[in-house]
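The values are calculated or read from the model by the stated rules, or taken from the named source; none is laboratory data. Nothing here was measured: the structure is a model prediction, and the numbers come from that model. Virtual Cβ from ideal backbone geometry, glycine too; neighbours counted across all protein chains shown.
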Amino acid sequence: MEVKRTLQVLLLALVMMTAPAMGSQNDVAVGTTSTSIPSVGPVASVTPGICGPIDLTIALDDTGSMGGAIGSIKAELPTIISTATTASGGDLKVGYITFKDDVTVHNELTTNISAVLASINATFASGGAGGPEASDEAKNTAVNNLPAGTRADSAGFNGTQTGNYTTPYRANATKIVVLITDAPPGGFNDFQDLADNIALNTTHALTALNKSIKVSDVFVPTGGDYAGQAALLASDANISGGAFITTAANGSGTGEAITSIIAACGGVVTPSLEGRMTGGGSVFNGSMRVTHGFELNCTVSSPSNNLQVNWGKGNRFHLESLTTATCSNDPAIVPNPPNATFDTYVGNGTGRYNGMPGATAHWVFTDAGEPGTSDSATIHVWDPLGGLVLSVSGNLSGGNHQAHNQ
Ligand SMILES: [Ca+2]
Ligand SMILES: [Ca+2]
Ligand SMILES: [Ca+2]
């Protein structure tokens, strides 16, 4: 906030220099000077140029339930753009895509920000038919720079993208995609096929990771988390290093979420700390006990990573490959930190679900000291077809997590 204050002081000084001297009683001139302030734009609390050049894609669910979120974005637009302009050092391109059960490109990545603003301000919530929306295909368009036309989605159902999105991201740019939705992914057929889940949080997420595009997901729980979409979106964001943000159910905070993602150059900027976490225990999903045991390094390339999860009537996940690992210190967790410089482990990996290869998992383990009753575990497991087969979160009921620096 110190930067913001400094900029405000500078702005004030500028106004003072250009304004007539105080006490000149020239009210008209002073008034004219005052009304010129908004044309400068809101002062963003980011360091100028901190992200380098930015290529930003906004992919927005504009179906009937999204009215509150769309209103929030329109209200926040000046701040969103001023933040992006400041963070990019004035080297900004923005693209704009909307989706229902199809995909519409309004603006390819462009420096013509006014045109993008006009498109967003002309957006209104309508349609969408059933709950699922084509967020996975909008992400496909954004990450793979797809041309207009009819194509098959990941489940084999044909649908339409209107407008090209073929202007590539610049090699030297910080590449950011922000996806905003309240719905589970549906591809083009208005049905949440398992392949749609895989497309959203695995296929396109890994493509984004490979292309250094940070995909952040903003979840607007207008109808709650009725189809596991929050976990799908969270896992998707985590894979490419983006942020996952849940807004209020009425959509307020959506615009601010976009601003905060841009101010962080696309999402998570905290580098992973060194170390490893070990332990295990039980958490409950209703009356179902979920047990886990692990030894996980904070570096993906480390050799000896293992994680085993068991639940229900003989269900199990066995980690085979660690995809991402982030160790960080959460100031809200005490002791702060425990006997290590971090207390939180966020990971993604692939492995076997009930013996079948190709399953994926996302987890967050925390260590809040000894004994382990304040430690927590959040675990999501998807089967090889992308179906969510486990979603559990809570404090340990028996067991312990321990963070180590070595
Ligand atoms: Ca739909
Ligand atoms: Ca579908
Ligand atoms: Ca512990």
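Residues in region 72-84 include none that are within 25 Å of Gly242 (Cα to Cα) and not in a helix (DSSP H, G or I). Pairing residues of region 221-239 that are free of Cβ contacts under 8 Å to residues at least 24 places away in the same chain with residues that are of a type outside the set (Gly, Ala, Ser) and buried (at least 24 other Cβ atoms within 10 Å of the Cβ), at Cβ distances under 6 Å and at least 6 apart in sequence or on separate chains, gives Ala230/Phe219. Taking each residue of region 390-405 that is touching a residue at least 40 places away in the same chain (Cβ under 8 Å) and looking for partners that are within 16 Å of ligand 2 (Cβ to nearest atom) and part of a loop (DSSP other than H, G, I, E, B) with beta-carbon atoms closer than 7 Å, six or more apart or interchain, yields Ser391/Gly228. Within region 335-349, the set of residues being touching an Asp or Glu at 6+ places or on another chain (Cβ under 6 Å) and assigned to a strand (DSSP E or B) comprises Thr344 only. I'm checking my understanding of the structure. Among residues of region 73-103 that are surrounded by fewer than 23 Cβ atoms within 10 Å (Cβ to Cβ) and of a type in the set (S, T, N, Q), which one is nearest to Gln192 (Cα to Cα)? It comes out as Thr79.
With respect to the conditions (1) surrounded by fewer than 23 Cβ atoms within 10 Å (Cβ to Cβ); (2) under 23 Å from Ile81 (Cα atoms); (3) without any contact (Cβ under 8 Å) to a residue 40 or more places away in the chain, Ile245 falls short on a single one, namely (1). Taking the listed residues Pro185, Pro132, Pro168, Pro147, the one that is modelled with pLDDT of 95 or more and under 18 Å from the mean Cα position of the chain (by Cα) is Pro185, with no other qualifying.
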